[in-house]
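Structure first, commentary second.
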Amino acid sequence: MWGETFDDFENEECELAVAKQNLMSEPARADFTFPKLPLGIQPVDFMKTHFAETAGKSMQFRKGTTTLAFVYEPATPNDKGGIIVAVDSRASSGEYISSKSVMKILDIGDRMVATMAGGAADCQFWTRTVAKYCTLYELREKTSITVSAASKYFANVLYGYRGQGLSVGSMVAGYDKKGPQIFKVDSEGDRCQLKVCSVGSGSLNAYGILDNHYKPKMTDEEARNLGLRAIMHATYRDSGSGGVCNLCHITPTEKIRLPPMDVSKLWYEFSEELGRDIAYNPVE
């Protein structure tokens with residue numbers, strides 16, 4: 001059934017109604033359940049035994065670390081404005097670096113993305129669930145879903161599984177008929193709208209850069225450099241962040257993914273601007 005389109009059916013009214021029912025109906029949430037543990041084993045105790053900090057290092061969750069996003073207005077007529085989303089690419093399992101090439105900007109729609117921080121498997125699975133819901137909504141309603149509605153559905157789904165060991169810290173960012181919007185969503189079902197947001201173990205370092213250099217109006221180059229600089233500093237100060245910086249620019253008309261930038265090279269570039277060496281030299 002999946003992979004079929006309305007063109008595969010004749011235009012008879014009955015067949016078209018059946019096609020819509022099969023292709024566009026949203027799967028019932030109650031149909032999905034997590035695999036059950038053997039009788040007598042409590043899920044919370046099982047998670048603490050195998051995935052807690054005191055468990056073996058090889059059994060630690062894969063963790064996403066530093067992500068950020070902010071909204072800005074164009075400073076000149078030649079700029080596009082919109083949303084900058086920047087992330088690192090390192091996944092860590094406890095003290096072990098399990099991957100250096102994780103893509104933490106996941107597509108939800110043509111001009112909407114979600115970031116992942118927390119458990120990599122949890123973020124990827126539930127983001128795909130939201131992306132499927134958004135696609136079904138667009139087919140059913142003949143219009144794109146808003147960022148607010150997508151994030152609300154995301155939060156509602158996570159709220160239904162709170163207390164069951166999920167680890168999700170995500171931002172849903174996109175451009176719709178209401179303009180650029182960013183919503184922060186976590187595994188407890190909390191949801192809030194922000195203009196500047198950072199999630200992950202390196203978020204405090206990223207906030208330090210954003211608080212000092214963010215402006216409501218910037219050129220596209222200034223905004224992109226700000227995203228790169230904030231991620232670079234987060235990777236330099238936070239051991240759980242690293243790899244490359246992946247950056248996505250969402251404008252009113254398109255979604256632009258920039259080539260990945262090595263954070264080590266970014267440090268040398270920005271240090272030249274400041275006129276200081278890579279070594280830490282405290283000011284006397």
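The values are calculated or read from the model by the stated rules, or taken from the named source; none is laboratory data. Predicted model, so just to flag it, every value in this text is computed and none were measured. When we count neighbours, we look across all protein chains shown, and the Cβ atoms used for this are built from the backbone with ideal geometry, even at glycine. Side chains are part of the model used for accessible areas, which takes the heavy atoms of the whole protein and leaves out ligands, DNA and RNA. Shrake-Rupley method; radii C 1.70, N 1.55, O 1.52, S 1.80 Å.
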Would you check if there is a residue in the stretch 165-179 being surrounded by fewer than 19 Cβ atoms within 10 Å (Cβ to Cβ), at pLDDT 90 or above and part of a helix (DSSP H, G or I)? no
Number of the condition not met by residue 246 [criteria: (1) open to solvent by 70 Å² or more (accessible area, probe 1.4 Å); (2) in a strand (DSSP E or B)]: (1)
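Being assigned to a strand (DSSP E or B) and over 16 Å from the mean Cα position of the chain (by Cα) is the filter; apply it to the stretch 188-243 and report the residue that is surrounded by the fewest Cβ atoms within 10 Å (Cβ to Cβ).
My answer is 217.
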Does at least one position in the stretch 133-141 carry a residue that is within 21 Å of residue 257 (Cα to Cα) and either among the basic types (Lys, Arg) or touching a Pro at 6+ places or on another chain (Cβ under 7 Å) (or both)? no
Would you tally the residues in the stretch 103-130 being open to solvent by 10 Å² or more (accessible area, probe 1.4 Å) and either part of a loop (DSSP other than H, G, I, E, B) or among the charged types (D, E, K, R) (or both)? 6
Quick one: residue 182 ticks every box in (1) open to solvent by less than 60 Å² (accessible area, probe 1.4 Å); (2) at pLDDT below 95; (3) in contact with a strand residue (DSSP E or B) (Cβ under 7 Å, 6 or more places away or on another chain) except a single one, so which number is it? (2)
Within the stretch 133-164, can you find the residues that are closer than 28 Å to residue 93 by Cβ, open to solvent by 60 Å² or more (accessible area, probe 1.4 Å) and part of a helix (DSSP H, G or I)? 159
Hits in the stretch 249-264 - residues which are within 15 Å of the chain's Cα centre (by Cα) and crowded, with 20+ Cβ neighbours inside 10 Å: 249, 250, 255
Within the stretch 61-92, track down each residue that is open to solvent by 10 Å² or more (accessible area, probe 1.4 Å), more than 17 Å from the chain's Cα centre (by Cα) and among the hydroxyl-bearing types (Ser, Thr, Tyr). 76
